[in-house]
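Asks: Would you mind keeping the following structure in view while I ask a few things?
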Amino acid sequence: MEKNLYNEAKEAFLKGSKPESVEDIYKEYAQAYRTKLDAELTKGLKQFDGDFYIQMMFFRDKSIKFGNVYKILGRACRGVPTPTYLNDMYKYHRTTGKLELLWSIPSVVECNLMLRNRKYIKPHEYHLLKEVLNFWDGTYIRRCNEENELVVRRLQK
């Protein structure tokens with residue numbers, strides 16, 4: 001007799017621990033993000049000498065047909081990739097041991113909504129609007145070029 005995969009998945013879900021609220025889902029997501037970031041940080045420490053960068057990217061999970069479920073992908077880089085949507089960029093300063101957030105760019109839809117409705121943005125979302133405006137006016141492209149020039153100068157020594 002053929003097993004019904006849907007029923008097996010349903011039973012596994014019902015037996016397992018499920019989140020009780022949206023806050024629990026956000027906590028699990030934040031924990032997964034932090035775990036990936038820490039893994040890339042340790043990779044970068046082993047792989048590069050001097051300062052390096054960590055790019056955290058979000059991709060829509062295409063195996064799920066309905067809804068927007070995103071996968072987190074991280075990578076340690078010697079240089080700075082071009083800023084894009086759904087992208088966070090960090091710089092690790094080896095001398096101080098600090099991780100600096102260079103930019104955090106939301107999705108295309110969120111950027112367009114914020115740009116069209118700037119005057120309706122609430123004060124607690126101003127930091128996100130600032131990120132969108134810096135991405136939109138080319139500030140992050142210029143910063144990317146400056147950081148890459150620093151990397152080239154350091155490697156030529």
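The values are calculated or read from the model by the stated rules, or taken from the named source; none is laboratory data. Computed from a predicted model, the values in this text were never measured in an experiment. Glycine gets a Cβ as well: all are built from the backbone with ideal geometry, and neighbour counts include every protein chain shown. All accessible areas refer to the heavy atoms of the entire protein, side chains included, with ligands and DNA or RNA removed. Shrake-Rupley method; radii C 1.70, N 1.55, O 1.52, S 1.80 Å.
Asks: Name the residues whose placed amide hydrogens come within less than 5 Å of the amide hydrogen of Arg94, ignoring near sequence neighbours (fewer than 5 apart) on the same chain.
Replies: Under 5 Å from the amide H of Arg94: Asp51, Phe52.
Asks: Something else: At 1.4 Å probe size, put Ile25, Ile54, Ile121 in order of accessible surface, largest to smallest.
Replies: Ile25, Ile121, Ile54
Asks: Ser107 to Gln156: FRET efficiency via 1/(1 + (r/R0)^6), r the Cβ-Cβ distance, R0 41 Å, to the nearest 0.05? It would help to have the intermediate numbers written out before the result.
Replies: Numbers: r = 37 Å, r/R0 = 0.91.
Given R0 = 41 Å and the Cβ-Cβ separation, E is 0.65.
Asks: What number comes out for accessible area per residue over segment 92-143 if the probe is 1.4 Å? Units Å², please. Each step should come with its number before you reach the end.
Replies: Numbers: 3620 Å² over 52 residues.
On a per-residue basis, 70 Å².
Asks: For Tyr85 paired with Glu149, estimate the spin-label separation in nm (one decimal), with each label point 7 Å from Cα along the Cα-to-Cβ line.
Replies: 3.0
Asks: For Arg60, what residues show an amide H to amide H distance below 5 Å, using hydrogens built from the backbone and excluding near sequence neighbours?
Replies: Lys71
Asks: Hey, could you grab the Kirkwood Rh for segment 47-157? Inverse mean 1/r over distinct alpha carbon pairs, Å, one decimal.
Replies: 15.6
Asks: Say each of Thr96 and Lys46 gets a label point 7 Å from the Cα, pointing the same way as Cα to Cβ; how far apart are those two points in nm?
Replies: 2.7
Asks: Same structure, new question: Would you grab the residues whose amide H sits under 5 Å from the one on Tyr85? Only those 5+ places off in sequence or on another chain, please, with H modelled 1.01 Å from N.
Replies: Placed amide hydrogens put nothing under 5 Å from Tyr85.
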